[in-house]
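The structure appears below as structure tokens.
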Ligand SMILES: *Cc1c(COP(=O)(O)O)cnc(C)c1O
């Protein structure tokens, strides 16, 4: 059980609370039953301004930047990524200048809208021709936020989230899950959850949505190892992270048939999903729940369901080359 009586809480005593996180989100985020044995953790509702899984990471990253006396955030991401938009939304709100190295990606209306919103909110863009040359364009002594916000510090936001889930299970909001299914891009979300839930029966299944698959999995596992050190997790407790490689299709940002079907089913439950991450992860969650009807499966929602900014100006022509 996940309850206080059996869970060796003292083994998880965090060694990382020296900088307390910035307060951005509203917690705990709701848990709902979707259908049968499938449940959903609604991190899409974490903030009415902009939700999704980047919020918990930014609470820690921005606090760390502040503690280091930085005034500028420097990051990198796909041109229309949620990461660049979320960092712009909350970074500028906290008074930082936000600079982002932008890399071309598959062009969808959603990705374009993300970039239009980030530009409208004042991101300082640096256009990179490709992922290969992008890191060299990160410059200056600003606070560096890596891809997806998945540094050790950022990923601690999802160790926090695992603790939140444990409390909700203890309070009877849902039964202890056998597995959490979550999209895996840069890995911080899945790695943080796996470390935060170490010692429990709950497996974390990361649905790989970017490639090369071998590298993505290796990055996530490396993050798990670093988080284990950072949180001073007892060696008795082994984080349980599985990576499911079956749902990627042609690659990051490309639709899949399974994802399209899952999008239609999710909308019947009132759950908005996106092509890149959550359509694929929701397809996986439904399949995993159907394969094991006796198990409790928790789909961890990572997309923002906050309304997009109205009246966004059109994308200036010079940014069109960021979308293939
Ligand atoms: C960034 C993102 C992810 C991936 O999270 P990682 O921590 O980078 O693995 C998943 N879903 C959505 C909607 C995202 O924006």
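Only a single criterion out of (1) under 23 Å from residue 165 (Cα atoms); (2) over 19 Å from the mean Cα position of the chain (by Cα); (3) surrounded by 13 or more Cβ atoms within 10 Å (Cβ to Cβ) is not satisfied by residue 294, namely (3). Kindly establish whether residue 14 is surrounded by fewer than 18 Cβ atoms within 10 Å (Cβ to Cβ) and either modelled with pLDDT under 95 or closer than 16 Å to residue 153 by Cβ (or both). Spelling it out, residue 14 is indeed surrounded by fewer than 18 Cβ atoms within 10 Å (Cβ to Cβ) and either modelled with pLDDT under 95 or closer than 16 Å to residue 153 by Cβ (or both). The residue that is farthest from the ligand (Cβ to nearest atom), among those in the stretch 36-53 that are more than 23 Å from residue 145 (Cβ to Cβ) and touching a helix residue (DSSP H, G or I) at 6+ places or on another chain (Cβ under 6 Å), is 37. Restricting the stretch 54-65 to residues that are in contact with a helix residue (DSSP H, G or I) (Cβ under 6 Å, 6 or more places away or on another chain) and more than 12 Å from residue 160 (Cα to Cα), the residue that is farthest from the ligand (Cβ to nearest atom) is 64. Can you report the number of residues in the stretch 128-149 which are away from the ligand (no atom under 16 Å from the Cβ) and either loosely packed, with under 14 Cβ neighbours inside 10 Å or at positive phi (or both)? Count: 9. Looking only at residues of the stretch 131-140 that are assigned to a loop (DSSP other than H, G, I, E, B) and touching a residue at least 24 places away in the same chain (Cβ under 8 Å), we find that the one that is farthest from residue 88 (Cα to Cα) is 131. Just the residues that are assigned to a loop (DSSP other than H, G, I, E, B), touching a residue at least 60 places away in the same chain (Cβ under 8 Å) and under 19 Å from residue 324 (Cβ atoms), please, taken from the stretch 82-130. Those that are assigned to a loop (DSSP other than H, G, I, E, B), touching a residue at least 60 places away in the same chain (Cβ under 8 Å) and under 19 Å from residue 324 (Cβ atoms): 104, 106, 107, 108.
Restricting attention to the stretch 66-80, which residues are within 11 Å of the ligand (Cβ to nearest atom) and either more than 10 Å from residue 149 (Cβ to Cβ) or without any contact (Cβ under 8 Å) to a residue 12 or more places away in the chain (or both)? Residues satisfying the conditions are 78, 80. Is the stretch 285-300 home to any residue that is within 16 Å of the ligand (Cβ to nearest atom), part of a helix (DSSP H, G or I) and modelled with pLDDT of 95 or more? Yes, the stretch 285-300 contains a residue that is within 16 Å of the ligand (Cβ to nearest atom), part of a helix (DSSP H, G or I) and modelled with pLDDT of 95 or more. In the stretch 268-284, of all residues being more than 13 Å from the ligand (Cβ to nearest atom) and surrounded by fewer than 23 Cβ atoms within 10 Å (Cβ to Cβ), the one that is nearest to residue 117 (Cα to Cα) corresponds to 270.
Residue count for the stretch 114-123, restricted to those that are loosely packed, with under 14 Cβ neighbours inside 10 Å and out of contact with any helix residue (DSSP H, G or I) (no Cβ under 7 Å at 6 or more places or on another chain): 1.
Being farther than 26 Å from residue 42 by Cβ, at pLDDT 95 or above and in contact with a helix residue (DSSP H, G or I) (Cβ under 6 Å, 6 or more places away or on another chain) is a property that residue 73 has. I'd like to check something: does the stretch 309-323 contain any residue that is within 16 Å of the ligand (Cβ to nearest atom), in a loop (DSSP other than H, G, I, E, B) and modelled with pLDDT under 95? No.
The values are calculated or read from the model by the stated rules, or taken from the named source; none is laboratory data. Quantities reported herein were computed from a predicted structural model and do not represent experimental measurements. All Cβ positions, even for glycine, are placed from backbone atoms using ideal geometry, and neighbour counts span all protein chains on display.
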